[in-house]
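Inspection log for the structure reproduced underneath, given as structure tokens.
The values are calculated or read from the model by the stated rules, or taken from the named source; none is laboratory data. The structure presented is a predicted model; accordingly, all values stated were derived computationally and were not measured. Using ideal geometry, Cβ is built from the backbone for each residue, glycine included, and neighbour counts are taken over all protein chains shown. These accessible areas exclude ligands, DNA and RNA; they are computed on the full protein's heavy atoms, side chains included. Shrake-Rupley method; radii C 1.70, N 1.55, O 1.52, S 1.80 Å.
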Amino acid sequence: MISVPIEYYLVVAAVLFVIGSIGFLLRRNLLVLLMSIELMLNAVNLTLVAYNRVHPHDHAGQIFTFFVIAIAAAEAAVGLAIVLAFYRIRKTMRSDDADLLRS
Amino acid sequence: MKIFEFAFFGLASLLVLLGGLATVAARNPIRGAMGLLTSIVGIAGLYLMLSAEFLAAIQILVYAGAIVILFLFVIMLLGPSATSPRDARTAVPRYVGAGVLGASSIGALALVASASKPGVTAIPAAPESLGTIEALGHELFTKGIVPFELSGALLLVAVIGAVAVARGKQVDPTLLPAGEGPDTASPEPGDQGAAQPGALAGHATLSAKEPH
């Protein structure tokens, strides 16, 4: 028996996910967009770990979280490399200026 | 004991939410990265309460130790130009989209809260092995061995790709016409330079770039 109910964790995760997605929609700085993605991934991880606490007979949620963290690391590395390459071409950080593929 | 658990939970979730808000709202990306760090530390505290000790350690090591530091390196490499200037173009659709999402999520939360039964479900005590390195590693190397190896391959490919993308094209100074230094050389004199005059007229590498 744990004293803090599991629903509280889920509410915190949901609010964090909404904060991250609103930041992703609202901001235009590419670095802040990547950080918002990290926030959303963290919210999903918290949900997975909380449900794993409800069903503790195996570690499915925690193993899933482990892989999400690994993929988040890869995503951050490649995303920041793309941001650097974009900056080298356009000399700006605004995501609206990322229209190199527009004819 | 119960009041301590609630106090710890409140502190950790406060760190998580305030850090998230700071990440999203900060104009300076360095402050945003610090907000992300705060949020990550708070989530590690919540993992500890959910008896996921190994994941809490991994969270601190990988997120705070690697990802946030990578963000900080890139922000400091870009210098002042990491902060984009404020302008009002395309502000309306962004604010409308964010407002619609925020309103609908508040509505969804209210619906869930009104539909849920009063009284919270009692969670039984976790088995002693939940979240330890031994138990998690045992499952990871038996049931999850294929995705584990695949994620190793993914990380290798991501590292190679990040290096290949971020390195950029180096201009060999011996190949340039006489009298032209790397200052005037454009790495790709072509359609991009024509479409965006001046955008490519800088230097080929970030390291050779003059301060802004």
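For segment B:139-156, the criterion of a residue being farther than 30 Å from residue B:34 by Cα, more than 7 Å from chain A (Cβ to nearest Cβ) and surrounded by 14 or more Cβ atoms within 10 Å (Cβ to Cβ) is satisfied by at least one position.
Residue A:23 passes every criterion in (1) open to solvent by 10 Å² or more (accessible area, probe 1.4 Å); (2) over 22 Å from residue B:11 (Cα atoms); (3) facing chain B (nearest Cβ under 7 Å) apart from (1).
Condition test on residue B:51, is it in contact with a helix residue (DSSP H, G or I) (Cβ under 7 Å, 6 or more places away or on another chain) and open to solvent by 10 Å² or more (accessible area, probe 1.4 Å)? Yes.
Residues in segment B:18-29 that are open to solvent by 20 Å² or more (accessible area, probe 1.4 Å), in contact (Cβ under 8 Å) with a residue 12 or more places away in the chain and either at the interface with chain A (Cβ under 9 Å from one of its Cβ atoms) or over 17 Å from residue A:42 (Cβ atoms) (or both): B:21, B:27, B:28. Criterion first (at the interface with chain B (Cβ under 8 Å from one of its Cβ atoms), of a type in the set (Phe, Trp, Tyr), surrounded by fewer than 20 Cβ atoms within 10 Å (Cβ to Cβ) and within 21 Å of residue B:8 (Cα to Cα)) does residue A:8 satisfy it? Spelling it out, residue A:8 is indeed at the interface with chain B (Cβ under 8 Å from one of its Cβ atoms), of a type in the set (Phe, Trp, Tyr), surrounded by fewer than 20 Cβ atoms within 10 Å (Cβ to Cβ) and within 21 Å of residue B:8 (Cα to Cα).
Restricting attention to segment A:43-61, the residues that are facing chain B (nearest Cβ under 10 Å) and in a helix (DSSP H, G or I) add up to 12. Within segment A:79-102, being touching a residue at least 24 places away in the same chain (Cβ under 8 Å) and open to solvent by 40 Å² or more (accessible area, probe 1.4 Å) holds for A:96, A:98. Flag set for residue A:16, criterion: at the interface with chain B (Cβ under 7 Å from one of its Cβ atoms), touching a helix residue (DSSP H, G or I) at 6+ places or on another chain (Cβ under 7 Å) and buried (at least 24 other Cβ atoms within 10 Å of the Cβ). Considering segment A:26-42, the residues that are part of a helix (DSSP H, G or I) and within 7 Å of chain B (Cβ to nearest Cβ) include one that is farthest from the chain's Cα centre (by Cα), namely A:26.
Only one of the numbered conditions (1) closer than 23 Å to residue B:166 by Cβ; (2) in contact (Cβ under 8 Å) with a residue 60 or more places away in the chain is not met by residue B:73, and that is (2). On the basis of being under 16 Å from the mean Cα position of the chain (by Cα), in a helix (DSSP H, G or I) and within 7 Å of another protein chain (Cβ to nearest Cβ), does residue A:83 make the cut? Here the answer is no, as residue A:83 does not meet what is asked.
Kindly establish whether residue B:14 is open to solvent by 10 Å² or more (accessible area, probe 1.4 Å), among the aliphatic types (A, V, I, L, M), more than 7 Å from chain A (Cβ to nearest Cβ) and farther than 16 Å from residue A:69 by Cβ.
Working: open to solvent by 10 Å² or more (accessible area, probe 1.4 Å): yes; among the aliphatic types (A, V, I, L, M): yes; more than 7 Å from chain A (Cβ to nearest Cβ): yes; farther than 16 Å from residue A:69 by Cβ: yes.
Spelling it out, residue B:14 is indeed open to solvent by 10 Å² or more (accessible area, probe 1.4 Å), among the aliphatic types (A, V, I, L, M), more than 7 Å from chain A (Cβ to nearest Cβ) and farther than 16 Å from residue A:69 by Cβ.
Within segment B:59-76, the residues that satisfy the criterion of being open to solvent by 30 Å² or more (accessible area, probe 1.4 Å) and among the aliphatic types (A, V, I, L, M) are B:60, B:61, B:62, B:66, B:69, B:70, B:76.
Looking across segment B:77-105 at every residue that is surrounded by 12 or more Cβ atoms within 10 Å (Cβ to Cβ) and among the aliphatic types (A, V, I, L, M), the one that is farthest from the other protein chains (Cβ to nearest Cβ) is identified as B:91.
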